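*Asks:* Quick one: the structure is below, and I'll ask about it shortly.
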Amino acid sequence: MILPDLSPLWLTLELATVTTVILLALGTPLAWWLAQTRTRVKPVIEAITALPLVLPPTVLGFYLLILFSPKSTLGGWWVDMTGSTLTFSFAGLVVASVLYSLPFTVQPLQSAFEAMGRAPLEAASTLRAGPLDRFLTVAAPICGRGFLTAAVLSFAHTLGEFGVVLMVGGNIPGETKVISIAIYERVETIDYAAAHVLSGIMLALSFAVLLLVYTLNRRFPVHL
Amino acid sequence: MLSVDISHSFPGFDLRVSHSFGAGLTAIFGKSGSGKSTLLRILAGLEPHSTGTVQMNGTVWQGSGTFLPPHKRGVGYVFQDARLFPHLTVAGNLRYAEKRAPQPGPSMAQVVQDFDLSPLLARYPGRLSGGEKQRVAIARALLSAPRILLMDEPLAALDATRKAEILPYLERLRDRGDIPMLYVSHSLSEVARLAADIVVLDAGRILRAGQTADVLSDPAAVPDLGVREAGAVLRAKVAAHHADGLTELAVSAGALFLPRISAAVGTDLRIRIPAQDVMLSLTRPEGISALNILPATVTAVHRGDGPGVAVALLSGSDRLLARITRRSADALGLVPGTACHAVLKSVAVSHADVGA
């Protein structure tokens, strides 16, 4: 058996890792705010955050394609700043993936924060812990499972991305050709052997990730 | 000294309180929904939408454009539900407070010893009983070296046995007297046992405030405290232990006999006599099973709207309170100055806050 070109696999893992890191950085404050706020616009923000769950990826991809175009404000600004376009680039894929996987970060975190409630934070504040201290030493450990779920779901969801990537990224080897696109391309060219290998790798990888999560979840200390 | 002059409104509720809390243990007493817990939360800084001023020893915590957040106030707060951190062991919970306390803080070893926590240190809160949780919660609050200790019904969720387990710890804490304490409760027996001062709260307003002994023996306060809860608190000294299992207590007007109390002769005790457990008789009753009968003089008769009246009595130098029916009061012709005998059907005992 000849191993097909594995660069789409590495690209996919890189994309999923970068996306997950960015999502945790952006999604945590958003989820925190959603869990605490009593503003009337909360349902609006929640609905916008959840949109990628229901929207066909091609619709999201289509709007992003327009937004990323060098003729648009954002796309033009990006070209001015970096000298390259957002469309058909790895950076564009990262932005698209962050939007596409946003609900998979925000929702588990928001429910974890809501389940924790304000009580432990109030207790910490009367023990002289400031806001950041409270978050790091009380909220984060109590919501550990929420963070694990958010990270894994975002990572896994980005691995399986296809429609959005096809729309904004195209099929540039080493830049935007992720594994789902590569498999599609092999099938189109009737190279079933390579499609088998790549699909098998994805299957094994996805299973391994989920197995790791469920194992960790069982071991994760919960002393409630 | 903690001075407050605050108001806080939310739909269906309006709290307005102006008061200065002194040293020692002050009870904040009231029915559920009277605003006790809200008042405590405002003092701790947990209600940022409250208005007015809160000052601790001259430092403004709240008011005129200032709002100090809870972590800068240095209040120790014991919540009704303990609120231990579930991801930390008992030792971890205690260290959490110790690490953030201003140095030099209270000694961890001392607090662990005071609250008998060494067998619990390695356990997680999920493995503690309700009483153990509250002991840890109180110890944790003390380790943060608070300027004032706020306790929000720390015993309310516990059964009588567990309560009896914790009360001695609270009494010792109060007797050391190194930190002012506010103690929210809806149990007058706890208040009578623990508090030197009391603030009675109802529907967001202070009804009465003063020394516990004065408020509890004031017949006019009976409706505010609740008919079933009212009762005088007085001091007694253990006079003798008798062979038949009774302990003799000396009060100013004579002797009381109670089932054996495990306290040495000479110990000062604080006893509480519920108003509804006091019967009155114009002549000294004969042929009655009650052991405890004290001579007394009526000082006031307070008639409310209901069928009951509250009668204030002076027995020796002690004040008593009796709750009887209006019909009986009329039949006996009770007016201030009437000499009578008080028949005590029950007496609750606790160690006095001084000299115990």
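*Asks:* Let me have the 222 nm mean residue ellipticity of the protein assembly as shown computed from DSSP H runs of 4+ only, each contributing -39500 (n - 2.57), with the sum over all residues rounded to the nearest 500.
*Replies:* When only DSSP H runs of four or more count, the value is -13500 deg cm²/dmol.
*Asks:* Moving on. Could you bin all the Cα-Cα distances of the range B:87-133 into 10 Å bins starting at 0 and give me the percent of pairs in each, rounded to whole numbers?
*Replies:* Result returned by the calculation: 26, 54, 18, 1.
*Asks:* Express in % the proportion of alpha carbon pairs of the protein assembly as shown at distances exceeding 41 Å.
*Replies:* It works out to 46 percent of all Cα pairs.
*Asks:* Of all accessible surface on the range A:144-224 at a 1.4 Å probe, what whole percent is carbon and sulfur?
*Replies:* 69 percent
*Asks:* Only four residue types carry charge here, +1 at the Cβ of Lys and Arg and -1 at the Cβ of Asp and Glu. Report the dipole size of the protein assembly as shown about the Cα centre in Debye, rounded to the nearest 20.
*Replies:* In debye, rounded to 20, the protein assembly as shown gives about 860.
*Asks:* Ok, one more. Might you report the magnitude of the Cβ-based charge dipole of chain B about its Cα centre, with Lys and Arg at +1 and Asp and Glu at -1, to the nearest 20 debye?
*Replies:* Dipole of chain B, to the nearest 20 debye: 660 debye.
*Asks:* If I build a Gaussian network model for chain B, linking alpha-carbon pairs within less than 10 angstrom, which residue out of B:Lys99, B:Lys163, B:Lys36 has the largest mean-square fluctuation?
*Replies:* The residue with the greatest mean-square fluctuation here is B:Lys99.
*Asks:* Among B:Gly30, B:Phe79, B:Gly52, whose Cα sits farthest toward the positive end of the charge dipole of the range B:2-80 (+1 at Cβ of Lys/Arg, -1 at Cβ of Asp/Glu, about the Cα centre)?
*Replies:* Ranked along the dipole, the leading option is B:Phe79.
*Asks:* Can you give the accessible area buried between chains A and B, summed over both chains, with a 1.4 Å probe, in Å² to the nearest 100?
*Replies:* Interface area, both chains combined: 2000 Å², rounded to the nearest 100.
*Asks:* Roughly how far apart, in whole Å, are the Cα centres of the range B:5-76 and the range A:158-220?
*Replies:* The range B:5-76 and the range A:158-220 have Cα centres spaced 58 Å from each other.
*Asks:* Can you give the accessible area per residue of the protein assembly as shown, in Å², using a 1.4 Å probe?
*Replies:* Here the per-residue accessible area is 46 Å².
*Asks:* Once Lys and Arg get +1 and Asp and Glu get -1 on their Cβ, which of B:Ala97, B:Leu201, B:Gly333 lies farthest toward the positive end of the dipole of the protein assembly as shown?
*Replies:* Positive-end residue among those listed: B:Gly333.
*Asks:* Find the centroid of the Cα atoms in the range A:59-95 and in the range A:1-55, then give the distance between the two in whole Å.
*Replies:* Centre-to-centre distance over Cα atoms comes out at 18 Å.
*Asks:* Provide, as a two-decimal number, the C-alpha radius of gyration of the range B:1-108 over 2.2 N^0.38 Å, N being how many residues it has.
*Replies:* Here the Cα radius of gyration is 1.19 times the empirical estimate.
*Asks:* Moving on to the next point. Test of understanding: extend the Cα→C-beta vector of B:Ser129 to 7 Å, then name every residue of the range B:157-195 with backbone N under 11 Å from that spot.
*Replies:* B:159-166
*Asks:* HN-Hα J couplings of the range B:186-203 from phi, Karplus 6.51/-1.76/1.60, θ = phi - 60°, integer Hz, Gly and Pro as x?
*Replies:* 3J(HN,Hα) across the range B:186-203, in whole Hz: 10, 10, 5, 5, 5, 4, 4, 6, 9, 9, 7, 10, 9, 10, 9, 10, 8, 6.
*Asks:* Here is a further query. B:Leu155: net charge of surrounding residues, Cβ under 10 Å, Lys/Arg +1, Asp/Glu -1, itself excluded?
*Replies:* Its environment carries a net charge of -2.
*Asks:* Separate question: Among A:Phe155, A:Phe88, A:Phe207, which one moves the most in a GNM of chain A with springs linking Cα atoms closer than 10 Å?
*Replies:* A:Phe207
*Asks:* Another question about this same structure. Note down, for the range A:90-224, the three equivalent ellipsoid semi-axes (square root of 5 times each alpha carbon gyration tensor eigenvalue), biggest first, whole angstrom.
*Replies:* 40, 18, 9
*Asks:* A further question follows. Pairs to check: B:Lys133/B:Lys345; A:Lys42/B:Lys133; A:Lys42/B:Lys31; B:Lys163/B:Lys345. Give those whose C-alpha atoms are more than 28 Å from each other in this structure.
*Replies:* Over 28 Å Cα-Cα: B:Lys133/B:Lys345; A:Lys42/B:Lys133; A:Lys42/B:Lys31.
*Asks:* In square nanometres and to one decimal, what's the mean projected area of the convex hull around the Cα atoms of chain B?
*Replies:* Taking the Cα atoms of chain B, their convex hull projects to 20.3 nm² on average.
*Asks:* Of the options B:Leu320, B:Ala145, A:Pro120, report the single residue whose Cα projects farthest towards the positive end of the charge dipole of the protein assembly as shown (beta-carbon charges: Lys, Arg +1; Asp, Glu -1).
*Replies:* The Cα lying farthest towards the positive end belongs to B:Leu320.
*Asks:* What FRET efficiency comes out for the pair B:Ala23/B:Ser187, r = Cβ-Cβ distance, R0 = 22 Å, nearest 0.05?
*Replies:* So, using R0 = 22 Å, E works out to roughly 0.45.
*Asks:* Also, I was wondering about something else. Taking a cut-off of 20 Å between Cα atoms, list the aspartates and glutamates near B:Lys36, but don't count ones fewer than 8 places away on the same chain.
*Replies:* A:Glu122, B:Asp5, B:Asp14, B:Glu47, B:Asp81, B:Asp152, B:Glu153, B:Glu190, B:Asp197, B:Asp202, B:Asp224, B:Glu229
*Asks:* Hey, another quick one. Near B:Pro259, within a Cβ-to-Cβ distance under 13 Å, what is the net charge of the other residues, with Lys and Arg +1 and Asp and Glu -1?
*Replies:* Every neighbour counted, the sum reads -1.
*Asks:* How about the range B:139-164: which of its residues lose at least 30 Å² of accessible area in the presence of all protein chains relative to their chain isolated, using a 1.4 Å probe?
*Replies:* B:Ser144
The values are calculated or read from the model by the stated rules, or taken from the named source; none is laboratory data. Remember, predicted model here, so these are calculated numbers, not experimental data. Virtual Cβ from ideal backbone geometry, glycine too; neighbours counted across all protein chains shown. Please note that ligands, DNA and RNA were not included when accessible areas were found on the heavy atoms of the full protein model with its side chains. Shrake-Rupley method; radii C 1.70, N 1.55, O 1.52, S 1.80 Å.
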